[in-house]
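Here the structure is laid out as structure tokens; the discussion comes afterwards.
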Amino acid sequence: EKYCRVNGGFSGVKDVYSSTPTHDDVQQSFFLAETLKYLYLLFSGDDLLPLDHWVFNTEAHPLPVLHLANTTLSGTSQGMRRQNPYFQVLYLYYPDD
């Protein structure tokens, strides 16, 4: 707010160490798409998107977790499943656009 807020949005700062920073006159798209989304989720209730049903990709898109019983990844040994009871396979579902 203090250094990045400009008329019509937010801007980057060219030198974060400067006592009088200058703006780069660009609002990056990820600022709204990712940063503010994560900020909103930090202060929202835990039941908004329960993390046992949703996973976020690196661009803050929520994707549903599909729990399928008795499935393994190819190349994954049963021994690994026995050694680590928390080992689970998560399948991500991408709905048609």
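The values are calculated or read from the model by the stated rules, or taken from the named source; none is laboratory data. Predicted model only: the values in this text are computed from it and were never measured. Reconstructed Cβ throughout: ideal geometry from the backbone, glycine too, with neighbour counts over all protein chains shown. Side chains included, ligands, DNA and RNA excluded: accessible areas come from the protein's heavy atoms. Shrake-Rupley method; radii C 1.70, N 1.55, O 1.52, S 1.80 Å.
If you add up the charges near P21, with Lys and Arg at +1 and Asp and Glu at -1, over every other residue whose beta carbon is less than 9 angstrom from its beta carbon, what do you get? Value of the local net charge: 0. Under 5 Å from the amide H of V55 lie the amide H atoms of L63, V65, each residue being 5 or more positions distant or on a separate chain, with H modelled from the backbone and absent for Pro and chain starts.
Of the residues D52, D47, ranked by 1.4 Å probe accessible area with the largest first, the sequence reads D47, D52.
Taking amide H as placed 1.01 Å from N in the peptide plane, the amide H of G12 sits under 5 Å from that of D24, D25, V26, Q28, each at least 5 places away or on another chain.
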